[in-house]
1. According to the Cα gyration tensor, what semi-axes, each the square root of 5 times an eigenvalue, does the equivalent ellipsoid of the protein assembly as shown have, listed from largest to smallest in whole Å?
2. Along Cα→Cβ, 7 Å out, is where each label goes; now give me the distance between the ones at residue B:210 and residue A:243 in nm to one decimal.
3. Please report, in whole Å, how far the alpha carbons of chain A spread along each principal axis, starting with the longest.
4. Per residue of B:49-60, how many C-beta atoms from partner chains lie within 10 Å of its own C-beta, taken as a mean?
5. Does anything in the range B:110-138 have its amide N under 15 Å from the 7 Å Cα→Cβ label point of residue B:20, and if so which residues?
6. Apply 1/(1 + (r/R0)^6) to the Cβ-Cβ distance of residue A:54 and residue A:167, taking R0 = 22 Å, and write down the FRET efficiency to the nearest 0.05.
7. Along Cα-to-Cβ, 7 Å out, sits the label point; list in nm, shortest first, how far the one on residue A:54 is from those in the other copies.
8. If you fit an axis through the alpha-carbon atoms of helix B:56-66 and take the longest principal axis of the Cα set of chain B, what angle between them do you get, 0 to 90°, nearest 10?
């Protein structure tokens, strides 16, 4: 294994959900914004925006929408947004129609821009000895989220990030053995679930150490459990909500 | 601005399209795979896979599909794949139905897993003084790509990465001024395209320095030009291709 500061931080990544009661200073913010901006961008379209939430009422509203108590609490809250509005506006003000901004193709490229920028900022955060937790819940109720942020059509919240000075030191969460996720030449379609038995034990031990009061699940129990079982959720409305934002309109 | 090795590398990021004629060693590969695996993952589902292309014939085929001469040439080629097949198989072998794996919700989460892992690996690459170029073209013809890689239903190629020892030192490509992409509290819906005049000049100068034989475009000229103008492309078929892979089946 090769070691340097960047890689060691990546290999030691854990989500932080408890932060000290401080916020980022201007220099830290400016650095994170510059990293956000310098991320690779598909076709140089720069289809991502970053919102730093400041207003306490807005934080409270977002916390309710995300339904996670650490959202907008100690530390700083950021929302990463797919943004096709900016380029639509540029076209409009220069007398052009919307062109391809409503296509799934362009939405995909904007998702790429936004999520690459996300992990780039995340790595910058950890390089400053800060921590973060990704907030997938920012699109549980995307239209209400967009209204709260006063964002226009052709934008969509992709991921949130709560950032701060860590006030906890969680165990490292063990990932699948590399032979299940990283392939030299040939993908393995024919694995046997029994090969995951040792990993299941590792995951069970991890949960046991983390909190002996919580239900302890192996990896395969999680995959065969409630998360992926058929059930109704607000997130079933994602396609309709994207359409309401005038995104992916070519989807039939 | 805060400076450390991670951040300095991020702020100096440029795509590398010309590599020396060497390949990664085993230790480098193992490190990149470990970084891939330790990336944040939505609901701990680990819905991403990484394929390192080895076979010269496969490289050639992929180069043709991507239609970029540096793809699969000097250096190493990786394809980052949304992978819901693995978890479907776990469920199937343990006697469960497919559950929610065919929903847009779960596909979105898998896109997040895959793209965060992408940028994490990208940062590890640059921390080793290697370079890379992102290959969005791996899903120009996704079904042929999947066939080439012998990948099953419920997988989808998201981004490729050509990695290696840089054999060029391109100019840094100037990004939009931060006030257009990073917002303190309030998103700016009401910008005037005239505010981009200085940036347009910076972009024009960049292209002029890079290659005086190439057409020189400002940023707003690119956004109002062919890239986003209405036209037919193979990428219009993305929705249909996702459906053929049994992804996002709830999309109406």
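1. Numbers: eigenvalues 197, 152, 118 Å².
So the equivalent ellipsoid measures 31, 28, 24 Å along its semi-axes.
2. 3.8
3. Dimensions of chain A along the principal axes of its Cα atoms: 61, 46, 40 Å.
4. Values: counts 7, 5, 6, 5, 3, 4, 2, 0, 0, 2, 0, 0.
Mean inter-chain Cβ contacts per residue within 10 Å come to 3.
5. Flagged as within label range: B:128-132.
6. Values: r = 22 Å, r/R0 = 0.98.
E between residue A:54 and residue A:167, to the nearest 0.05, is 0.50.
7. When each copy's label point is compared with this one, the spacings are 5.5 nm.
8. 60
Values quoted throughout were computed directly from the atomic coordinates according to the rules given, and no laboratory measurement underlies them. A quick note: this is a predicted structure, and the numbers were derived from the prediction, not measured. A quick note on method: Cβ atoms are made from the backbone with ideal geometry, for glycine too, and the neighbour counts reach across all protein chains shown.
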